[in-house]
Amino acid sequence: MTSPSDDLAALAAALEGRPPAEILAAAAARHPRRLALACSFGPEDCLLVDLIGRAGLLIDVFTLDTGYLFPETLALWKALEARYRIRIEAAPGGAPPAGPGATPPWEVDADACCDARKVRPLRARLATLGGWVTGLRRDQTPDRASARVIEWDARFGLEKVNPLAGWTSEQVWAALRAGGVPTNPLHARGYGSIGCAPCTSPVRPGEDPRAGRWRGSEKKECGLHLRPPPPKAR
Ligand code: SF4
């Protein structure tokens, strides 16, 4: 007898190496109207919006509007909605921006700031779904190296679909250019991975694309894609 996790592993093995559009379609069929892309407007997410929009897949798209996004990111949000005639909703429930004169929340405690503005609204939105789609790739961080194209997300309690897990950044950018997909103009100004404006800086040539996130601090993840540690050997 096979367990649900065996079934998911078998599905992941069957979908490994398949085109991302095929993986998206298989996941959408598995979770009718209960699948959504969490879009942070990075190049991978722009490509996934393109694939979803062009194929007319029944996959919702939402973002985490922290109140501290770059103006360029807000403009890209509108551009993608207009081009694909879709709505990219802001997940409700995030903490409001700090009032005038208050110490900026990312200076008080960046982890708490990310938790209040990203992790908690994400958790609430994911609670309504059977699966979520992400743009993560295995070569982005050591923590992501074991990601499968579809897997169980033990942290949030639903399936996680990573259609671009096996792709490289070069493959993503080639597909974006070929399709004329809108992307964030900040990439051309030296920004690698783009998050909130106060916590994102450009990267120097040769630096890791994520080196500009929370520069000068130990923090490297906002907490959305943290994977549970492997079980300890007895
Ligand atoms: Fe706050 Fe910075 Fe995290 Fe954005 S990236 S939620 S501003 S700590």
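The values are calculated or read from the model by the stated rules, or taken from the named source; none is laboratory data. Computed from a predicted structure; not experimentally measured. Please note: Cβ atoms are built from the backbone with ideal geometry, for glycine as well, and neighbour counts cover all protein chains shown. Protein only, heavy atoms only, side chains kept; ligands, DNA and RNA dropped before computing areas. Shrake-Rupley method; radii C 1.70, N 1.55, O 1.52, S 1.80 Å.
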Take the conditions surrounded by fewer than 17 Cβ atoms within 10 Å (Cβ to Cβ), under 19 Å from residue 17 (Cβ atoms) and acidic (Asp, Glu) and apply them to residue 109. Does it pass?
no
Got a number for residues in the range 153-178 being within 16 Å of residue 35 (Cα to Cα) and in contact with a Pro (Cβ under 8 Å, 6 or more places away or on another chain)?
1
Six or more apart or on different chains, Cβ atoms under 8 Å: show the pairs whose first residue is in the range 66-84 and free of Cβ contacts under 8 Å to residues at least 60 places away in the same chain and whose second is surrounded by fewer than 15 Cβ atoms within 10 Å (Cβ to Cβ) and part of a loop (DSSP other than H, G, I, E, B).
67/96; 67/97; 81/87
Over the range 27-46, the set of residues in contact with a strand residue (DSSP E or B) (Cβ under 9 Å, 6 or more places away or on another chain) and either outside any helix (DSSP H, G or I) or on the phi > 0 side of the Ramachandran plot (or both) is 31, 33, 34, 35, 36, 37, 38, 39, 40, 41
Taking the range 46-69, which residues are among the acidic types (Asp, Glu) and more than 16 Å from the ligand (Cβ to nearest atom)?
50, 60
For residue 196, the lone unmet condition from (1) closer than 27 Å to residue 24 by Cβ; (2) modelled with pLDDT of 95 or more is (1)
Filtering the range 47-106 down to residues that are part of a helix (DSSP H, G or I), touching a helix residue (DSSP H, G or I) at 6+ places or on another chain (Cβ under 6 Å) and aromatic (Phe, Trp, Tyr), which residue is most open to solvent (accessible area, probe 1.4 Å)?
106
Restricting attention to the range 121-144, and to residues there that are more than 18 Å from residue 45 (Cβ to Cβ) and at pLDDT 95 or above, which single residue is most open to solvent (accessible area, probe 1.4 Å)?
123
